[in-house]
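Student: Encoded as structure tokens, here's the structure I'll be asking about.
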Amino acid sequence: MTCQEGFTLLELMIVVALILVLAAIAIPCLTDSKISANEASAVASIRTISTAEVTYQSAYGGYAESLANLGGAEPCAKSAETACLLDQSLAGGTKSGYRFAAAGANPSGGLDTATPSAQRPRCSTGPASACSARRTRM
């Protein structure tokens, strides 16, 4: 009789089954990590937008009408239309699977408002929405 070297079909099937079991355990953990990372990014972006709105308000006397007014294409020239306070991706309104918006107003009654918000698109990860509101009496 000759001696054959190698693995039997049963041994290979057991190894494949073990790999599948480990993958079934690991994949949900990775998905949860991605959800947490996207949530943290959305919250940090809302804070960044809020800070940019306050900086814009102190520089130009009112809150920006949209996110585009807080950003600007490189090279950026500072003005009320392009304040150069946000990076291009956030000023464009989309980052980390979230759509961002900022509605600013400077009504004649002396009440300035800025409301940054983040909305999660359908079939994405993270909470449905987040927002921040700041009102200042002048």
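Computed from the coordinates by the stated procedures, all read-outs in this text should not be read as laboratory data. Not measured: the values here are computed from a predicted model. Glycine also receives a Cβ, built like all others from the backbone with ideal geometry; neighbour counts cover every protein chain displayed.
Student: What nm distance separates the two modelled labels at V21 and T8, each placed 7 Å from Cα along Cα→Cβ?
Tutor: Between V21 and T8, the label points sit 1.9 nm apart.
Student: Nearest 0.05, what FRET efficiency do D87 and A40 give at R0 = 25 Å with Cβ-Cβ as r?
Tutor: 0.90
Student: So which chymotrypsin sites (Phe, Trp or Tyr not before Pro) in the range 1-65 pass both tests, a DSSP loop state and at most 11 other Cβ atoms within 10 Å of the Cβ?
Tutor: Listed in order of number, the matching sites are F7.
Student: Restricting the calculation to Cα positions, tell me the Rg (one decimal) and the Dmax (whole number) of the range 35-97 in Å.
Tutor: Cα-based Rg and Dmax for the range 35-97 come out at 11.9, 38 Å.
Student: What spacing in nm lies between the two simple spin-label points modelled at A73 and T94, each 7 Å away from Cα in the Cβ direction?
Tutor: The two pseudo-label positions are separated by 1.8 nm.
Student: Do any GluC sites (Glu not before Pro) in the range 9-96 lie in a loop, going by DSSP, with at most 13 other beta-carbon atoms within 10 Å of their beta carbon, and if so which?
Tutor: Sparse-neighbourhood loop GluC sites (Glu not before Pro): E81.
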